[in-house]
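Here's the structure we're looking at; comments come further down.
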Amino acid sequence: MQDKDIINPDHYTGSNIECIDAIKAMLGHYGFISYLQGNLMKYLWRSPAKGNQAQDLKKAEWFLNRLIIEIESRNLQG
């Protein structure tokens with residue numbers, strides 16, 4: 001039995017486009033950067049108050065990693 005991915009569950013990828021990619025397309029590069037930063041802050045901020053701090057920190061880590069990818073890809077494009 002495969003463990004469930006609690007950070008990116010199946011319902012996030014259940015269609016032809018992931019929700020995060022649709023958000024990126026809608027917001028553009030700089031709007032998407034702000035979106036990622038906001039989600040990162042949200043998960044860091046509330047992690048101590050919820051029942052599973054490690055889970056929220058892993059979600060924050062996902063948003064941080066995606067933010068790094070976005071910044072690096074923009075730097076490569078010029």
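Bear in mind these aren't lab numbers, they're just calculated from the coordinates by the rules spelled out. As the structure is a prediction and not an experimental result, all values here were calculated from the model. When we count neighbours, we look across all protein chains shown, and the Cβ atoms used for this are built from the backbone with ideal geometry, even at glycine.
Tabulated data for the structure shown
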item	result
Sequence of Tyr30, Tyr35 once ranked by neighbouring C-beta atoms within 10 Å, starting from the fewest	Tyr30, Tyr35
Convex hull per residue volume in Å³, alpha carbons only, for segment 28-77	52 Å³
Phi-based couplings in Hz for segment 22-29 (Karplus 6.51, -1.76, 1.60; Gly and Pro marked x)	5, 4, 4, 4, 6, 8, x, 4
Ranked list, fewest to most other Cβ atoms within 10 Å of each Cβ, for Lys24, Lys42	Lys42, Lys24
Residue order, fewest to most surrounding Cβ atoms within 10 angstrom, among Leu40, Leu27	Leu27, Leu40
